[in-house]
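Down below is the structure, laid out as structure tokens.
Just so it is clear, none of the values below were taken in a lab; they were calculated from the coordinates. Just so you know, these numbers come straight off a predicted model, no measurement behind them. We place every Cβ from the backbone using ideal geometry, glycine too, and count neighbours over all the protein chains shown.
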Amino acid sequence: MADVLTAAEIEAQLPEEWSQEGDEIVRRYDFDSYLDGIGFASGAGGVAEDAWHHPEMTITWGEVEVRLTTHDAGGITEKDIELAGRFDELYE
């Protein structure tokens, strides 16, 4: 099991555009259409499956919100930070 990061570690490692909300890190990705958001969510789902780390994603018109936490560790771990970075690369 991964170790939960301290608040200082999270702050130092959190990718730009991500924020901490309780035991989760959160980012909202903006898109020009609903289908663009669906395409991103599909790609992000594949990345998450490869990492065997599954986020909560909410898809609305023009936006996909992603929430990451490591449930079995009870908070935010390196796994969350790494997957956040991979999602950002997919978005670019």
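Considering the range 11-34 alone, what residues qualify as being touching a strand residue (DSSP E or B) at 6+ places or on another chain (Cβ under 6 Å) and surrounded by 17 or more Cβ atoms within 10 Å (Cβ to Cβ)?
Trp18, Glu24, Ile25, Val26, Arg27, Tyr29, listed by residue number.
Pull up the range 1-28, narrow it to residues that are free of Cβ contacts under 8 Å to residues at least 24 places away in the same chain and among the polar types (S, T, N, Q), then point me to the one that is nearest to Ala44 (Cα to Cα).
So the residue we want is Ser19.
Within the range 61-92, track down each residue that is basic (Lys, Arg) and either without any contact (Cβ under 8 Å) to a residue 12 or more places away in the chain or within 25 Å of Asp36 (Cβ to Cβ) (or both).
Of everything in the range 61-92, those that are basic (Lys, Arg) and either without any contact (Cβ under 8 Å) to a residue 12 or more places away in the chain or within 25 Å of Asp36 (Cβ to Cβ) (or both) turn out to be Arg67, Arg86.
Given (1) surrounded by fewer than 15 Cβ atoms within 10 Å (Cβ to Cβ); (2) more than 12 Å from the chain's Cα centre (by Cα); (3) assigned to a helix (DSSP H, G or I), where does Gly37 come up short, assuming only one miss?
The number of the failed condition is (1).
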